[in-house]
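Here's the structure, in structure tokens; my notes come after.
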Amino acid sequence: MAKIFITGGGTGGHIYPAVAVADALCDDEIFYVGNPKNLEYDIVKQKGYKFLPVNVHAMPRSVCFDLFKWAFQLDCAVIKSVYYILKYKPDAVFGTGGYVSAPALIAAKILNIPYMMHDCDAQPGLVSRRLAPYASALSVAFESAKQILNNKNCQVNGNPIRSSFKTLTKEEARFNMGIENKLTLCIMGGSQGARSINDAAVEILQKLSKEYDLQIIFQTGKKNYERVIEQLIKIYPEYESDKNLIIKPYFNDMVTVLKASDIAVSRSGSLSIFEICASAIAPIYVPYPHAAADHQRKNAKYMVEKGAGVYLDDNDITDKSLFDKIAELVTNTDKLKEYQKKSFELAHLDGTEKIVKQLKSIVRS
């Protein structure tokens, strides 16, 4: 049994792939290095893994006092990670990039512990670009990232996704949700929602339901739910009696939601993209415009270039532009099926297994 340090946090795109790999290492002893003030703390604690806290935050983008404060904080986090490695003696370290993973990966480099990185995005982040050349192994989700990162032991594995994406059928998903077995649209902007998507979508729900008999699963985000309902009451007072509409602030089981869907309107975080692909969905990507290094736009553009999605800029989204994109897929069955086919081809359903195999190859004996 090997001892493995897993690290990654701050956003779901870094946390869930790290946790998926941790779950797959069921025969090994897992230690998770993360920020106790972030989402990863609660998720890892629920999983029962030993959590090793480090206090680290995102790097300020301008030269100011906060930059010096951040540098001191990072140094302290690296020293603490060195302490953890000397105490627990891991056989390898696995990180999913991002600022939370930096201290443990730097400490591994200092102490000559083999480490592996996985970068989730089409445009690799700063931590990946700086530390990937020294990694014993490197995994990337997108082919384009491989061209940017300098590492001879690099594999394109896709992103780790939950195993239920492989086993749940569309019919089972719809049955579990208590909805009809017919063309279904999912509208989502992540757990927090996306106001631009919500504002455009709420205007066209009635039209999509009545004109196309389209079944719609709408995740508004917890912060935006009341606003959406207030708008909808003004536009479509009878919405509650419309069996085609399922509107909730948040769905705990997104596997079932996505597997039940044929079309999705979504942000283009890497995790969302690969879960959409695994569900054989035709996606309309609306990238979050303020994502670090504009990585969501680059993710979406990559998928569009592969013929696996439709692109709609956040600045251009209106009720008309969104309706037109959805209607084009609903009315053109051949185009819909082609996008679904191309999307599924990029799913990398065996991504977790490939990453674990690659990680096992660098573990100290």
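The values are calculated or read from the model by the stated rules, or taken from the named source; none is laboratory data. Not measured: the values here are computed from a predicted model. Counting neighbours? That spans all protein chains shown, and the Cβs are built from the backbone with ideal geometry, glycine included.
Taking the options 177, 117, name whichever one is modelled with pLDDT of 95 or more, in contact with a Ser or Thr (Cβ under 8 Å, 6 or more places away or on another chain) and buried (at least 21 other Cβ atoms within 10 Å of the Cβ). Give the derivation first.
Details: 177 fails: buried (at least 21 other Cβ atoms within 10 Å of the Cβ).
None of the other options fit; the residue is 117.
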Across the range 158-214, the tally of residues that are in contact with a Cys (Cβ under 9 Å, 6 or more places away or on another chain) and either of a type in the set (S, T, N, Q) or in a helix (DSSP H, G or I) (or both) stands at 1
May I ask you to verify whether residue 308 is free of Cβ contacts under 8 Å to residues at least 40 places away in the same chain and in contact with a strand residue (DSSP E or B) (Cβ under 9 Å, 6 or more places away or on another chain)?
yes
Considering every residue within the range 53-68, establish whether at least one is over 17 Å from residue 37 (Cβ atoms), surrounded by 13 or more Cβ atoms within 10 Å (Cβ to Cβ) and among the β-branched types (Val, Ile, Thr).
no
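Consider the range 267-293. How many of its residues are among the polar types (S, T, N, Q) and over 19 Å from residue 170 (Cα atoms)? Full working, then the answer.
So the first thing to find is which residues in the range 267-293 are among the polar types (S, T, N, Q), and the list is 268, 270, 272, 279.
Those still in the list that are over 19 Å from residue 170 (Cα atoms) too: 268, 270.
Number of matching residues: 2.
What do you reckon, is residue 335 free of Cβ contacts under 8 Å to residues at least 60 places away in the same chain and either touching a Leu at 6+ places or on another chain (Cβ under 6 Å) or closer than 19 Å to residue 141 by Cα (or both)?
Spelling it out, it is not the case that residue 335 is free of Cβ contacts under 8 Å to residues at least 60 places away in the same chain and either touching a Leu at 6+ places or on another chain (Cβ under 6 Å) or closer than 19 Å to residue 141 by Cα (or both).
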For the range 288-297, check the following and say yes or no: at least one residue is surrounded by 16 or more Cβ atoms within 10 Å (Cβ to Cβ), outside the structural domain of residue 126 (by TED's automatic domain parsing) and within 13 Å of residue 185 (Cβ to Cβ).
no
From 44, 78, 21, 100, which residue is touching a Pro at 6+ places or on another chain (Cβ under 9 Å), under 23 Å from residue 270 (Cβ atoms) and among the hydrophobic types (A, V, I, L, M, F, W, C)?
21
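Give the number of residues within the range 302-324 that are part of a helix (DSSP H, G or I) and surrounded by 19 or more Cβ atoms within 10 Å (Cβ to Cβ).
So the count comes out to 3.
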Of residues in the range 221-267 being hydroxyl-bearing (Ser, Thr, Tyr) and at pLDDT below 95, the one nearest to residue 315 (Cα to Cα):
225
Test residue 127 against the criterion of being under 30 Å from residue 273 (Cα atoms) and of a type in the set (A, V, I, L, M), and give yes or no.
yes
